[in-house]
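Structure record follows, encoded as structure tokens.
The values are calculated or read from the model by the stated rules, or taken from the named source; none is laboratory data. The structure displayed is predicted, hence computed values, not measured ones. Here the Cβ positions follow ideal geometry from the backbone for every residue, glycine too, while neighbour counts run over all protein chains shown.
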Amino acid sequence: MLRFWGLAASLSVLALALPAGAAEKITLYTSQPNEDAQATVDAFKAKHPDVEVEWVREGTTKIMAKLQAEFTAGSPQPDVLLIADSVTMEGLKRDDRLMPFPEAKTEGFDKALIDKDHTYFSTKLITTGLVGNTQAGEAPRAWKDLLKPDMAARTTMPSPLTSGAALVHVATLAQNPDFGWAYWEALAKGGMTATGGNGAVMKSVAGGEKAYGMVVDYLPIREAAKGSPVGFQFPTEGVSAVTEPVAILKTAKNPEGAKLFVDFLLSEDGQRLAAKQGYLPARDGVAGPAGFPKREDIKLLPFDAAKALADETENKKRFSELFGG
């Protein structure tokens, strides 16, 4: 009997040592590719074996449609969201759907990559820069190089009506006084095309249909390593970026377990996992994948996600009027 009570007391002490709710399940909605999502969950569980993770994977647009339907029904399911872009997170923040997490472990992160109210947190940098076919001659090294004669007509980009990264890129340059909408108007007048997603741009440039393109970094960097005739340039003026932010819903059933998941993604181990998956870590001091420059050597252009959310409908309309789609 004494042994029984001793064991019970030990288990009670252990339970008190764990964060409340941490030994329960969390539900994750993510737009990560399936392989990356599984690797992320596996790495988290290796650190926190007591926390079960149930995850649902779709593109950000489908994830948000599913979540909005759950909000309407009064039964949102996820504890944690890990989706493509901060503009979508700003919409959820505006609607008071996100839980502030001021004690999140954000050491090593630029303040510009963390929501000022600590409701969402960048986990990686997926930048948009310039890809060129290596057989097309000298590639552009700056965004404004595309304004040179005949350059725009040889260039393509993903449509912001299709690609979230492209929408962020358009908004980033539109917000910047060195570019503004005059830049996009000049590119449209010069004959640049915009259609489909980043994969379509990559295929077009690699196949020689177009000489140059605006595209997310990892596609040409990965394909160049495999022998594709492409090279990637981080433009000298700086790059836009989507940051695959993570957030906890206010309606989370297991907020303590969700906080463990967020802190894992922001930790050095979580950031090294992002690099292993082929993405540029958002945290300073963590080496990126082969082919990427050092994080501190990449210049990020200023971006106001709240303004981008407010301007989203108008930005899509203006871009569509210029480029069609």
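A few remarks follow.
- When residues of the range 41-99 are limited to those that are in a helix (DSSP H, G or I) and of a type in the set (Phe, Trp, Tyr), the one farthest from Lys307 (Cα to Cα): Phe44
- Leu81 meets each of the listed conditions (1) in contact with a helix residue (DSSP H, G or I) (Cβ under 7 Å, 6 or more places away or on another chain); (2) crowded, with 21+ Cβ neighbours inside 10 Å apart from (1).
- Residues in the range 239-253 that are β-branched (Val, Ile, Thr) and assigned to a strand (DSSP E or B) were compared, and the one that is farthest from the chain's Cα centre (by Cα) is Ile248.
- In the set (1) within 28 Å of Leu146 (Cα to Cα); (2) in a loop (DSSP other than H, G, I, E, B); (3) out of contact with any strand residue (DSSP E or B) (no Cβ under 8 Å at 6 or more places or on another chain); (4) at pLDDT below 95, Thr236 fails one condition alone, (4).
- Given (1) in contact with a helix residue (DSSP H, G or I) (Cβ under 8 Å, 6 or more places away or on another chain); (2) surrounded by 15 or more Cβ atoms within 10 Å (Cβ to Cβ), index of the condition Arg94 fails: (2)
- The set of residues from the range 190-220 being more than 16 Å from Ser240 (Cβ to Cβ) and either hydrophobic (A, V, I, L, M, F, W, C) or not assigned by TED's automatic domain parsing to the domain that holds Ala166 (or both) comprises Met192, Ala200, Met202, Val205, Ala206, Ala211.
- In this entry, Thr156 is excluded by the filter for residues that are under 28 Å from Leu82 (Cβ atoms) and out of contact with any Cys (no Cβ under 9 Å at 6 or more places or on another chain).
- Selection over the range 229-261 of residues that are acidic (Asp, Glu) and crowded, with 23+ Cβ neighbours inside 10 Å gives a count of 1.
- Here Lys111 meets the list (1) surrounded by fewer than 16 Cβ atoms within 10 Å (Cβ to Cβ); (2) modelled with pLDDT of 95 or more; (3) more than 16 Å from Ala310 (Cβ to Cβ); (4) not hydroxyl-bearing (Ser, Thr, Tyr) almost entirely, failing just condition (2).
- Test for Ala194: is it farther than 18 Å from Gly91 by Cβ, at pLDDT 95 or above and buried (at least 23 other Cβ atoms within 10 Å of the Cβ): yes
- When Ala112 is tested against (1) assigned to a loop (DSSP other than H, G, I, E, B); (2) outside the structural domain of Ala211 (by TED's automatic domain parsing); (3) touching a residue at least 24 places away in the same chain (Cβ under 8 Å), just one condition goes unmet, and that condition is (1).
- Among residues of the range 116-146, those that are within 17 Å of the chain's Cα centre (by Cα) and without any contact (Cβ under 8 Å) to a residue 60 or more places away in the chain, counted: 1
Residue-by-condition table, conditions (1) assigned to a helix (DSSP H, G or I); (2) touching a Pro at 6+ places or on another chain (Cβ under 8 Å); (3) over 30 Å from Ala252 (Cβ atoms):
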| residue | (1), (2), (3) |
| --- | --- |
| Ala104 | no, no, no |
| Leu125 | no, yes, no |
| Ala139 | no, no, yes |
| Leu161 | no, no, yes |
| Leu167 | yes, yes, no |
| Val170 | yes, yes, yes |
| Ala186 | yes, no, yes |
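- Qualifying residue in the range 275-282 (condition: without any contact (Cβ under 8 Å) to a residue 60 or more places away in the chain and touching a Leu at 6+ places or on another chain (Cβ under 6 Å)): no
- Matching residues, the range 188-203, being assigned to a helix (DSSP H, G or I) and not aliphatic (A, V, I, L, M): Lys189, Gly190, Asn198, Gly199, Lys203
- Qualifying residue in the range 142-149 (condition: in a loop (DSSP other than H, G, I, E, B), aliphatic (A, V, I, L, M) and modelled with pLDDT of 95 or more): yes
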